[in-house]
Amino acid sequence: MHIEGIKLTKNTTDVVIIGSGMGGATAALALAPCGATITILEKGAQLLAIPENRDARAIFQKNYFASTDLWYEPGGASFAAGNHYNHGGNSKFYGAVLSRYRERDFEGVSYPDGDAPPWPLTYRDLAPWYDKAEALFQVRGSAHEDPSEPPRTNPLPFPPVPDEPAIAEVRRRLSGVGLRPFSLPLGIDIDTWLKHGQTGWDGFPDARTGKMDAETCALQPALAFANVTLQSGASVRRLICSPDGQRVTGVEYEQGGQVKVLNAGVAILAAGAIPSAAILLASHTSGLANRSNQVGRNLMSHNTSALIAFDRKFNNDSVYQKTFGINDFYLTGGPGGSPLGNIQLLGRVTGAILKANIPHIPERLLERLTRHSVDFFVMSEDLPSEKNRIRLEHERIVLDWERNNMTTHRALVARLKTVLRDAGFRFSVEKLFDRKSPSHQCGTIKMGSDGARSPLDCWGRTFDCENLFVTDASSFVSSAAVNPALTVAALAMRTAWHIRETELHA
Ligand SMILES: Cc1cc2nc3c(=O)[nH]c(=O)nc-3n(C[C@H](O)[C@H](O)[C@H](O)COP(=O)(O)OP(=O)(O)OC[C@H]3O[C@@H](n4cnc5c(N)ncnc54)[C@H](O)[C@@H]3O)c2cc1C
């Protein structure tokens, strides 16, 4: 093979994994014991242990960790790509809420504005893999407090992260008005985290200081195997295919200013839902593995709002805050009994964090306000739509999407405001999260049972290329209304098992 202008290395690997985030690193660890040579190509570098990791002003006001890559709006305006490119991917910054989808999320859900479609697999199919993912990410929590918790055989591996006293008071007040707050399933070793700085962890990057993320729990253990290697700063541009288009033969990537090719027997795409779709679109004139014309479409990322509730008499001296959630409205509570979604505490919003959103008010005034407030993350499902998509225009990633299913989101916010009022938080303000940082991005290379309508089968294998698999959040059929990372990890383990059985015979 000779490609003009490209440095061909002699590199060959049994399995190439593109991306070392939740889906990529988890797949690497699950495949590692089989002995096949596994090469992970990761665009970013390892996050360093630097003071900015725990500096709210650096993170939220100065956007210290924002990507230098650009994405584009349909009109041509650019903005900083809303992804983190580093070992461990977006999970290095995540809030570490590791929830299972509910049974009904796999069956299809009806809302006033439309329907979330069923998946080609059931909760029962994924439940054993959720067990394994919870063990791997050392999830803390209490599985029987959540009224919407699906059936499970194992308890969570560790007891819940404790409420700080101020948060215990909020929990009591909400229980007092009839809700059933539950301890969030969390991947955080709180003692280790706090030893490195008195901050919350939601949005704060983790230089291996107690967050159970993809680097700490999956990538590092995978790299302990002699057959697994990581190429850092290796940005994949496209996949290379056999002439009949039915097998991927290699990967073209850029590293240190050089364009290189790595030949591979099996390719696993796990670059995140937006970059993975972009790589497939760049790999063929009509998109690789895109007979269905669905690659890049159905982009979802949840409808999410931050809601801050005030009570002069309430004293919030908490540091991390993010310990409980409310799922009383997950299965019902909306118009005509329809579901509304999930509510969970945000990481503690301090004056320095609020200042990033309200720059004209002095930070010390905001700090005084936040001593009497508590902060929530309100999340409801958005629906897959062919019109909501990423496109490539001259190699630029264009995000072309509109919000949908907002009747439900507005109803959930209103419901929360009412219960908070009843619980003594008489005043609250809310703000929709910006769509330019689609932190729960998913759906762009969806699973299905028919190759004419979906790029992936129920094992995460592309219908069109027999040795090409996807293990990141691209594969999601619907976004449900819980955080996605545990489902990414469970699906990645299941796909890795399938690859071992069918491709590597190990
Ligand atoms: C601030 C924040 C808070 C969050 N909180 C939560 C939470 O509490 N719970 C939860 O479940 N989810 C949370 N999420 C979402 C969660 O992090 C993602 O759902 C999850 O990381 C997705 O996994 P992934 O494998 O699809 O992608 P990622 O984890 O993003 O991994 C993709 C990897 O691919 C690499 N990559 C990208 N392009 C290329 C390329 N061209 N070549 C090579 N490598 C490439 C990236 O650098 C990255 O390492 C949060 C996200 C953010 C940003």
Self-check item: Helix axis angle, 406-422 relative to the chain longest principal axis, alpha carbon, degrees
Solution: 30 degrees
Quiz item: Where does each of 329-340, 71-82, 212-223 land if you order them by average Cβ count within 10 Å, highest first?
Solution: 212-223, 329-340, 71-82
Quiz item: Using bins 20 angstrom wide from zero, how does P(r) for the chain break down, in % of all Cα pairs?
Solution: 24, 58, 17, 1
Practice problem: Provide the per-residue ³J(HN,Hα) series for region 362-379, in order, calculated from phi with Karplus coefficients 6.51, -1.76, 1.60 and θ = phi - 60°, each as a whole number of Hz, with x at glycine and proline positions. | Solution: x, 4, 5, 5, 5, 4, 5, 4, 6, 6, 10, 10, 9, 10, 10, 10, 10, 10
Quiz item: Check VAL259: other-chain or 5+ apart residues with amide H under 5 Å from its amide H, H built from backbone geometry?
Solution: LYS7
Quiz prompt | region 141-233 pair-distance distribution - Cα-Cα, 5 Å bins, rounded % | solution = 2, 11, 15, 17, 16, 15, 11, 6, 3, 2, 1, 0
Quiz item: What list of ³J(HN,Hα) couplings, whole Hz, do you get for region 68-73 from phi and the Karplus terms 6.51, -1.76, 1.60, once you set θ to phi - 60° and write x for glycine and proline?
Solution: 8, 5, 10, 10, 10, 7
Quiz item: Given the chain, what percent of its DSSP beta bridges are antiparallel, to the nearest 5?
Solution: 70 percent
Exercise. Could you rank the peptides 352-363, 450-461 by their average count of other C-beta atoms within 10 Å per residue, with the highest value first?
Key: 450-461, 352-363
Exercise. Report the relative contact order of region 211-336, percent, no decimals, based on alpha-carbon pairs under 8 angstrom and at least 6 residues apart.
Key: 13 percent
Exercise. Note the full-extension length gain between ALA66 and THR418 as 0.36 nm times their separation in residues minus their Cα-Cα distance, in nm to one decimal.
Key: 123.2 nm
Exercise. Would you mind checking which residues have amide H under 5 Å from CYS458's amide H? H placed 1.01 Å from N; only 5 or more apart, or other chain.
Key: GLY448
Quiz item: Which order do peptides 143-151, 184-192, 437-445 fall in by mean Cβ count within 10 Å, highest first?
Solution: 437-445, 184-192, 143-151
Quiz prompt | Distance in nm between pseudo-label sites at ASP191 and GLU395 (7 Å out along the Cβ direction from Cα) | solution = 5.1 nm
Exercise. Using only Cα atoms, tell me the angle between helix 22-31 and the longest principal axis of the chain; keep it within 0 to 90° and round to the nearest 10.
Key: 50 degrees
Quiz item: For region 39-106, which trypsin sites (Lys or Arg not before Pro) are both in a DSSP coil and crowded by at most 16 other Cβ atoms within 10 Å?
Solution: LYS62
Quiz item: Relative to the first principal axis of the alpha-carbon coordinates of the chain, what is the inclination of helix 165-176, with its axis defined by its Cα atoms, in degrees from 0 to 90 and to the nearest 10?
Solution: 80 degrees
Quiz prompt | the chain: relative contact order as a whole-number percent, Cα under 8 Å and 6+ apart | solution = 24 percent
Practice problem: Give the long-range amide H neighbours of ASN388: residues separated by 5 or more places, or on another chain, with amide H under 5 Å away, using H modelled in the peptide plane at 1.01 Å from N. | Solution: ASN298, LEU299
Quiz item: Short version: ³J(HN,Hα) in whole Hz for each residue of region 428-436, in order, from phi by Karplus 6.51 cos²θ - 1.76 cosθ + 1.60 (θ = phi - 60°), x for Gly and Pro, what are they?
Solution: 8, 10, 9, 9, 5, 6, 4, 7, 7
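Values quoted throughout were computed directly from the atomic coordinates according to the rules given, and no laboratory measurement underlies them. Remember, predicted model here, so these are calculated numbers, not experimental data. Heads up, the Cβs are rebuilt from the backbone with ideal geometry, glycines too, and the neighbour counts pull from every protein chain shown.
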